[in-house]
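The values are calculated or read from the model by the stated rules, or taken from the named source; none is laboratory data. The shown structure was predicted, so the numbers you read here are calculated from the model rather than taken from an experiment. Glycine also receives a Cβ, built like all others from the backbone with ideal geometry; neighbour counts cover every protein chain displayed.
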Amino acid sequence: MIISDKIKAIIKEHPFWGYRRITAWLRRREDCLINHKKVYRLMKENGLNNKRIIRKNSRVTRPKPRAGKPNEIWGTDMTKFLIPDLGWVYLVIVIDWFTKKIVAWDIDLRSRSEEWRQVLNQGVMNEFTDGSRGKGVKLVSDNGSQPTSRSFMQDCRLLEIKQIFTSYNNPKGNADTERVIRTLKEEIIWINEWNSLEETKNGLKKGIHFYNNLYPHSALGYLSCTSLIHW
């Protein structure tokens with residue numbers, strides 16, 4: 001298969017990928033000795049480049065916290081999407097800001113503090129064999145009703161997870177988590193059609209496994225989450 005056909009095949013599976021991510025995939029997953037300039041040229045010649053939209057923020061924001069190691073800063077957030085035969089479903093995730101790994105997630109027909117608590121506790125069980133106490137974990141979230149609820153905040157205190165809330169005039173405060181949610185929409189949700197909650201969970205499980213183990217992240221130098229952990 002010639003390079004341009006390989007690029008077209010990748011874009012068919014991942015229509016929102018740019019030339020740098022495609023270059024990383026070709027080099028690391030398909031053993032193609034090619035640089036990003038040639039990939040860009042081939043994509044441009046075939047009309048495959050995505051148009052980049054740049055939005056400027058006119059508001060002054062404070063710097064967001066930055067993670068220096070795995071499991072130092074987590075982020076949590078929720079998004080919803082429509083299943084035609086079922087209605088709205090809610091996806092809650094917890095991610096590691098350093099590795100970009102989704103440490104826990106779940107979907108439900110409701111998005112109460114109970115669902116958020118279950119995902120957070122699952123993340124702790126997934127990442128720590130002896131619990132999160134004394135580990136200095138911080139959790140960034142917005143000021144929604146779920147992360148500010150009494151039960152959720154009590155769980156964080158018991159787990160010794162310090163909560164950090166984004167300010168109302170700081171849209172970039174939880175940007176790392178929101179960017180992961182956008183990626184999940186582009187890579188999994190928007191390109192699939194599911195008819196039941198079980199079918200949706202299975203599709204997300206497969207997609208999130210790909211995201212955690214194979215997806216090339218620009219913020220990680222186009223390594224995957226697991227590649228960074230073992231780097």
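Residues that are under 18 Å from Glu72 (Cβ atoms) and buried (at least 21 other Cβ atoms within 10 Å of the Cβ) within region 114-138 comprise Leu120, Gly123, Val124, Ser132, Val137, listed in sequence order.
Going by the structure shown, is Glu72 modelled with pLDDT of 90 or more and under 20 Å from the mean Cα position of the chain (by Cα)? Taking the combined requirement at face value, the residue satisfies it. Right, Ser167: assigned to a loop (DSSP other than H, G, I, E, B), assigned by TED's automatic domain parsing to the domain that holds Lys100 and crowded, with 17+ Cβ neighbours inside 10 Å or not? Taking the combined requirement at face value, the residue does not satisfy it. Looking at Arg52, Arg66, Arg62, just one residue is farther than 23 Å from Ile161 by Cβ and at pLDDT below 90, and that residue is Arg52. Applying the condition of being part of a helix (DSSP H, G or I) and among the charged types (D, E, K, R) to region 187-224 and asking which residue is surrounded by the most Cβ atoms within 10 Å (Cβ to Cβ) yields Glu187.
For the criterion of being under 16 Å from the mean Cα position of the chain (by Cα), crowded, with 17+ Cβ neighbours inside 10 Å, part of a helix (DSSP H, G or I) and touching a residue at least 24 places away in the same chain (Cβ under 8 Å), Leu91 fails.
When each of Asp142, Asp155 is tested for being surrounded by 17 or more Cβ atoms within 10 Å (Cβ to Cβ), touching a helix residue (DSSP H, G or I) at 6+ places or on another chain (Cβ under 8 Å) and acidic (Asp, Glu), the lone residue that passes is Asp155.
Can you find even one residue in region 107-118 that is at pLDDT below 95 and within 15 Å of the chain's Cα centre (by Cα)? No, every residue in region 107-118 fails to be at pLDDT below 95 and within 15 Å of the chain's Cα centre (by Cα). Inclusion of Asn174 among residues that are surrounded by fewer than 20 Cβ atoms within 10 Å (Cβ to Cβ) and not aliphatic (A, V, I, L, M) is not warranted. Scanning region 117-141 for residues that are assigned to a loop (DSSP other than H, G, I, E, B) and touching a strand residue (DSSP E or B) at 6+ places or on another chain (Cβ under 7 Å) yields a total of 1.
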